[in-house]
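The values are calculated or read from the model by the stated rules, or taken from the named source; none is laboratory data. None of these values were measured; they are calculated from a predicted model. All Cβ positions, glycine included, derive from the backbone under ideal geometry; neighbour counts span all protein chains shown.
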Amino acid sequence: MTKLSPVASRYVTLVLAGLTILVLLLSVPGSLRSAYERGGFYLFSLEFLEDIPKRFVGPGRFRFVFQPLTAIVLGILNGLADKRAGGPPYLIGVLFYRDHRMRLVRSALSTLANLLLMGILLDAICQRIILGSIYPGAALVLGPLLIMVPYSLARSLSNRFAPGRRGLP
């Protein structure tokens, strides 16, 4: 597998960001109309909770395995790199070490930018297929949730329990 040059990688990120923003912007009028008719936003409704099981059985259910698995692999690789560098476990560093916080968050975002954009885009597309419309708020919550939680846990735990030099607590 060949690694993309930094310029090509930025181009891919920009294309994904553009597609994601376009899909979400196009969904806003329908979502606002639906919120007006429903009397509230989909994300904060009982219907949202009732629709979650539909996402596990319809088209796109594979993403509930693929996205977290990819995030876990990336988290483990970054956690091991943190351990080699003598840094703290990811969550501990982000929460309690101000001097490490920005570096850790930047490295996570640079690793996960395309995966996060694909997660949001896939969630929006799957909503359209399964539910018949796109709710941008739900896509902006569920897409990243499937990625950030497993990534953060895997990065922290792989740093904490990997053999080798002990970094900060």
Among the residues of the stretch 157-169, is any at pLDDT 90 or above, assigned to a helix (DSSP H, G or I), out of contact with any strand residue (DSSP E or B) (no Cβ under 8 Å at 6 or more places or on another chain) and farther than 20 Å from E50 by Cα?
yes
Counting only residues that are aromatic (F, W, Y) and more than 30 Å from V23 (Cα to Cα), the stretch 110-169 contains a total of 1
Identify, by number, the condition in (1) touching a residue at least 24 places away in the same chain (Cβ under 8 Å); (2) of a type in the set (V, I, T); (3) touching a helix residue (DSSP H, G or I) at 6+ places or on another chain (Cβ under 8 Å) that I129 doesn't meet.
(3)
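Quick grid of which residues meet (1) in contact with a strand residue (DSSP E or B) (Cβ under 7 Å, 6 or more places away or on another chain); (2) among the hydrophobic types (A, V, I, L, M, F, W, C); (3) in contact (Cβ under 8 Å) with a residue 24 or more places away in the chain; (4) closer than 12 Å to Y135 by Cβ:
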residue: P6; (1), (2), (3), (4): no, no, no, no
residue: L14; (1), (2), (3), (4): no, yes, no, no
residue: A17; (1), (2), (3), (4): no, yes, yes, no
residue: I21; (1), (2), (3), (4): no, yes, no, no
residue: S34; (1), (2), (3), (4): no, no, yes, yes
residue: L43; (1), (2), (3), (4): no, yes, yes, yes
residue: L46; (1), (2), (3), (4): no, yes, no, no
With respect to G87, determine if the residue is modelled with pLDDT under 90, more than 19 Å from the chain's Cα centre (by Cα) and either surrounded by 15 or more Cβ atoms within 10 Å (Cβ to Cβ) or assigned to a helix (DSSP H, G or I) (or both).
yes
Restricting attention to the stretch 33-54, which residues are within 30 Å of Y90 (Cα to Cα) and either surrounded by fewer than 16 Cβ atoms within 10 Å (Cβ to Cβ) or not aliphatic (A, V, I, L, M) (or both)?
I52
